[in-house]
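The next block holds one structure in the form of structure tokens; read it before the comments.
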Amino acid sequence: MGIIAWIIIGLLAGAIAKALMPGKDPGGIIVTMLIGIVGGLLGGWLGKVIFGVDSIDGFFDLSTWIAAIVGSLILLFIYRLVVGRRSSHRHA
């Protein structure tokens, strides 16, 4: 897949991850899109490392989308932990 396909998958995976994990995220839509793009790459890498499968088969393959969404969910969770912890220290 080309870089444009990865960006599109990442944008959509980030939006889906945001819908699955609702809540207030500092950074807005730009950060959510970046998390989606990097999350897609992370999900594909984790699929190869943990399960030994090539989860990045093509744009319309279900495994590609699942890997991208799971990777985005993981990154969104970590982002909220880090940013939430940082913003709670400012108010103390």
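The values are calculated or read from the model by the stated rules, or taken from the named source; none is laboratory data. Note that the coordinates shown come from a computational prediction; the quantities given were computed from them, not determined experimentally. Cβ placement follows ideal geometry from the backbone for every residue including glycine, while neighbour counts extend to all protein chains displayed. With ligands, DNA and RNA removed, areas are computed over all heavy atoms of the protein, side chains included. Shrake-Rupley method; radii C 1.70, N 1.55, O 1.52, S 1.80 Å.
For the stretch 41-73, filtering for residues that are within 11 Å of the chain's Cα centre (by Cα) and either open to solvent by less than 60 Å² (accessible area, probe 1.4 Å) or at pLDDT below 75 (or both) leaves 10. Among the residues making up the stretch 15-31, a single one is at pLDDT 80 or above, within 14 Å of Ile78 (Cβ to Cβ) and surrounded by 17 or more Cβ atoms within 10 Å (Cβ to Cβ): Ala17.
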